[in-house]
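Read the structure below first, then the notes.
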Amino acid sequence: MDDNQKRYVLVADGESRSLIVRPGRATEAETLAAEELQRYLKKITGVEVPIVTPLVGAESFLLLVGGTNREFDTGTLELEQEGFMLRTDTDRLHFLGADEDGLLFAVYTFLEEYCGVRWFWPGELGEVVPRARTLEIPVIDRIDAPDFKWRERGPGGPLWGPHDRITKQRLLGVSGEHLEQMRLWEKRNKWGGLNVQGGHEWGNIVPPDRYGGKHPEYYALVEGRRDRDFENFDGKHGAQLCTTNPDLIPIFGTYFKNYFKEHPECDALHVTPNDGGGFCECEQCRALDTGKRLKRRPDKPVITDRIFTFTNALAEELQEIHPGKYLVNMAYSWYVDPPEKITISDFVIPQYCMWSCYLHWNDEKQSEHYAIAKGWSEIARNMAIYEYYINGAWPDLPRIIYPKIAESLRHLHSIGIRLYQTQAGDGFAINGLNYYIASKVLWNVNADVDALIDEFYDKAFGTAGKLVRKCYDRLQSRWQSAVKEGIHPSCSSFAMTQVHEVYPASVLEECRADLDQARNETDDQQVLARIEFVDKGLKYAALTIDAVELTKVLERMGVAISSVDFTDEEEMKALTAEEMEELGQGSDLKNLIEQALRAWESRDIYVESLKDDFVISYFWVRYNDKNRVFNPTQRLRELLERSG
């Protein structure tokens, strides 16, 4: 029989014709791979295919997982890191991975491409599993590996004060089950690669509360002083180092020695400066600079050469202690431009913070970002990208940018970049396609994105897919048009935001009407639940825009609205005596403030209800509330209190 016609039967008419074979002393990955295979074969067929340890002479078709393949002739393979082999022969299918992730990726690829399973977003609602009483597979002979060798949904390191993203989510009340479902979704969609730890790390490595009092000389000279309030360092911002102080090198060296001893699985460690400004102004540090100024902040110097001179020295120290390990330093902020006077150590990975492909419908922005990326790629043996699918100034409102994500990834790959991390969230109702498409293109830069998108609407929404797509397309078009026109609808500050102009209530109403029509196209309860999932994301956006528009009315009346704190760009306006009198008399002004406050409070209550639902990125919404001046709830309450 022609191999193109040959079929292997795993389940026939509700009866198992196969066995899953795993080693007797299976590793954790081998155990999980066998269990995931069994779990989804049962979801497809209703039949539990048995998991057994190696055996000889079985009449069933064998699904050989991991180490069991050593008992059979699979030939000599040279698999890349995270690579895998899927191969049928006679009465068996071999699942073989170069490493633990490679084995899992073999199973997930088999389930996706040969069994029709999809994981569009985390949790059971986001997975699509076809149903069949009989399951057959074709002849398979496949070896595969990822095109990008680091594919991480970050960030790592201190993010909210001293806390990393996962720790802070737990402190905010996000459940462990939610985080586990997110981790599983990432693994099933083949995120992973290089093991890189940390982020803005100077504060962890040289803690100000430990060294600041006794050794202020370790820290930056700013406006003639090195001493500052070291005790109140927030874990991430400020407290920069004097990178020309040689006494810092052995402190970092001790940290490296201990860290890699405790975490031998780690490939690379961040040594990126703390976030924010306040860099050293001493003569020795400034002597390493080129004298150039930042394009967008000409009052600040470009300090790339000094930062990476220090990082090169740290890498040399690291190689004496742990040969073969790497250091990562972001190319960011005052040190985003490539260096001009130095080369980059082979053991240093510059990570260009490309903010962001969500602006790439603007040709000028795209050209600027690509030029910086190319500059770094030409001087560094290993270079990484840090992207911003979401950030502190964007509380997970609609931003559907997957076409530019795919285009960006292909361009970056074409100039030799293989390492990629994105600042991500766990909101999938509206923005989840960004993460799904990114996962596919990071693995295979030639992935057919149009086909993937068609498949998403068809498989997840069936006959209602065209109307759900209409809703998404409206939102994508609004963002695309705004960016082309040069609008950057940040939500960093209420006074400066234009988000209500990008997504006016009328557009969101049209989107929700699309979903109402979609509901009329299906009676499939699973599809209806998915439409409701999308609608929850729209409701969050509608509540936010409603609150913004009501509060903008007050702002136009001259009422100072932002938050407790006001940015430098905002003019603090006090209410006049006449306006204060109106507030006290229960005027229209007071009623408007009450309406705006109720709108923000309704939005906040709704946000709390979505904490564990993957509808929005709860972490980033709350981060925005706390660390930006977009949500004016406290300010509105103060105004009402002043009215008596």
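The values are calculated or read from the model by the stated rules, or taken from the named source; none is laboratory data. Because the structure is a prediction, the values reported are computed rather than measured. Cβ: placed from backbone, ideal geometry, glycine included. Neighbour counts: every protein chain shown. Please note that ligands, DNA and RNA were not included when accessible areas were found on the heavy atoms of the full protein model with its side chains. Shrake-Rupley method; radii C 1.70, N 1.55, O 1.52, S 1.80 Å.
Among the residues of segment 277-293, is there at least one that is assigned to a loop (DSSP other than H, G, I, E, B) and within 25 Å of the chain's Cα centre (by Cα)?
For segment 277-293, residues assigned to a loop (DSSP other than H, G, I, E, B) and within 25 Å of the chain's Cα centre (by Cα): present.
Would you check if there is a residue in segment 212-222 being on the phi > 0 side of the Ramachandran plot and in contact (Cβ under 8 Å) with a residue 12 or more places away in the chain? First the steps, then the outcome.
Our first condition is that a residue be on the phi > 0 side of the Ramachandran plot; within segment 212-222, this holds for none.
The answer is no, given that none of the residues of segment 212-222 is on the phi > 0 side of the Ramachandran plot and in contact (Cβ under 8 Å) with a residue 12 or more places away in the chain.
Does V49 satisfy the condition of being more than 22 Å from D99 (Cβ to Cβ), open to solvent by less than 10 Å² (accessible area, probe 1.4 Å) and touching a strand residue (DSSP E or B) at 6+ places or on another chain (Cβ under 6 Å)?
Details: more than 22 Å from D99 (Cβ to Cβ): yes; open to solvent by less than 10 Å² (accessible area, probe 1.4 Å): yes; touching a strand residue (DSSP E or B) at 6+ places or on another chain (Cβ under 6 Å): yes.
It is true that V49 is more than 22 Å from D99 (Cβ to Cβ), open to solvent by less than 10 Å² (accessible area, probe 1.4 Å) and touching a strand residue (DSSP E or B) at 6+ places or on another chain (Cβ under 6 Å).
Just need a number here: residues in segment 363-394 that are closer than 18 Å to G154 by Cβ and part of a loop (DSSP other than H, G, I, E, B).
8
Filter segment 607-644 for residues that are assigned to a loop (DSSP other than H, G, I, E, B) and under 22 Å from Q595 (Cα atoms); which is most open to solvent (accessible area, probe 1.4 Å)?
G644
Among the numbered criteria (1) of a type in the set (D, E, K, R); (2) touching a Cys at 6+ places or on another chain (Cβ under 8 Å); (3) open to solvent by 10 Å² or more (accessible area, probe 1.4 Å), which one does R381 miss?
Every condition holds for R381 apart from (2).
Can you name the residue in segment 482-537 that is in a loop (DSSP other than H, G, I, E, B) and open to solvent by 80 Å² or more (accessible area, probe 1.4 Å) and, of all such residues, is nearest to G427 (Cα to Cα)? Spell out how you get there, then give the answer.
As a first pass, look at segment 482-537 and keep what is in a loop (DSSP other than H, G, I, E, B): 485-492, 494-498, 503-504, 520-524.
Next cut, open to solvent by 80 Å² or more (accessible area, probe 1.4 Å) only: 485, 488, 496, 520-521, 523.
Working: E485: 27, H488: 21, M496: 24, N520: 26, E521: 26, D523: 26 Å.
Per the stated criteria, the residue is H488.
Hey, among the residues in segment 120-169 that are small (G, A, S) and open to solvent by 10 Å² or more (accessible area, probe 1.4 Å), which one's farthest from H270 (Cα to Cα)?
Filtering segment 120-169 for residues that are small (G, A, S) and open to solvent by 10 Å² or more (accessible area, probe 1.4 Å), the one farthest from H270 (Cα to Cα) comes out as A132.
Considering (1) modelled with pLDDT of 95 or more; (2) outside any loop (DSSP other than H, G, I, E, B); (3) among the hydrophobic types (A, V, I, L, M, F, W, C), say which one I166 fails and leave the rest.
Answer for I166: the failing condition is (1).
Could you check how many residues of segment 440-474 are under 23 Å from E521 (Cα atoms) and either aliphatic (A, V, I, L, M) or within 24 Å of the chain's Cα centre (by Cα) (or both)?
16
Which of the residues that make up segment 182-196 are open to solvent by 30 Å² or more (accessible area, probe 1.4 Å) and under 15 Å from the mean Cα position of the chain (by Cα)? Steps first, please.
The initial filter retains those residues of segment 182-196 that are open to solvent by 30 Å² or more (accessible area, probe 1.4 Å), namely 183, 186-187, 194-195.
R183, E186, K187 - these are the residues of segment 182-196 that are open to solvent by 30 Å² or more (accessible area, probe 1.4 Å) and under 15 Å from the mean Cα position of the chain (by Cα).
Quick check on this structure: which one of R381, R410, R418 is over 25 Å from R297 (Cβ atoms) and touching a residue at least 40 places away in the same chain (Cβ under 8 Å)?
Matching residue, one of R381, R410, R418: R418.
Out of I166, I137, I205, report the one residue that is closer than 30 Å to M85 by Cα and of a type in the set (A, V, I, L, M).
I137
Quick test of your reading of the structure: D346 fulfils all but one of (1) out of contact with any Lys or Arg (no Cβ under 7 Å at 6 or more places or on another chain); (2) outside any strand (DSSP E or B). Name the failing condition by number.
Going through the list (1) out of contact with any Lys or Arg (no Cβ under 7 Å at 6 or more places or on another chain); (2) outside any strand (DSSP E or B), D346 breaks only (1).
Report, by residue number, each residue of segment 298-338 that is touching a residue at least 24 places away in the same chain (Cβ under 8 Å), assigned to a loop (DSSP other than H, G, I, E, B) and not aliphatic (A, V, I, L, M).
Listed by number, the residues that qualify are K300, H322, K325, Y332, D337, P338.
Taking segment 171-196 only, how many residues are under 16 Å from G425 (Cα atoms), assigned to a loop (DSSP other than H, G, I, E, B) and in contact with a Ser or Thr (Cβ under 9 Å, 6 or more places away or on another chain)?
2
From the list N258, N245, which one is more than 30 Å from K365 (Cβ to Cβ), surrounded by 16 or more Cβ atoms within 10 Å (Cβ to Cβ) and polar (S, T, N, Q)?
Values: N258 fails: surrounded by 16 or more Cβ atoms within 10 Å (Cβ to Cβ).
The unique qualifying residue is N245.
Here is a check on your reading of the model: is T109 assigned to a helix (DSSP H, G or I) and not small (G, A, S)? So that I can check it myself, show each step before the final result.
Values: assigned to a helix (DSSP H, G or I): yes; not small (G, A, S): yes.
Taking the combined requirement at face value, the residue satisfies it.
Mind telling me which of the residues P403, P398 ends up being within 26 Å of T522 (Cβ to Cβ), in contact (Cβ under 8 Å) with a residue 40 or more places away in the chain and under 17 Å from the mean Cα position of the chain (by Cα)?
Within the list P403, P398, the selection yields P398.
Kindly establish whether A26 is part of a loop (DSSP other than H, G, I, E, B), open to solvent by less than 30 Å² (accessible area, probe 1.4 Å) and either among the hydroxyl-bearing types (S, T, Y) or free of Cβ contacts under 8 Å to residues at least 60 places away in the same chain (or both).
Taking the combined requirement at face value, the residue does not satisfy it.
Of everything in segment 229-281, what is among the basic types (K, R) and at pLDDT below 95? Give them in sequence order.
K236, the sole residue that qualifies.
For segment 95-110: of the residues being among the aliphatic types (A, V, I, L, M) and crowded, with 22+ Cβ neighbours inside 10 Å, which is nearest to K459 (Cα to Cα)?
V107
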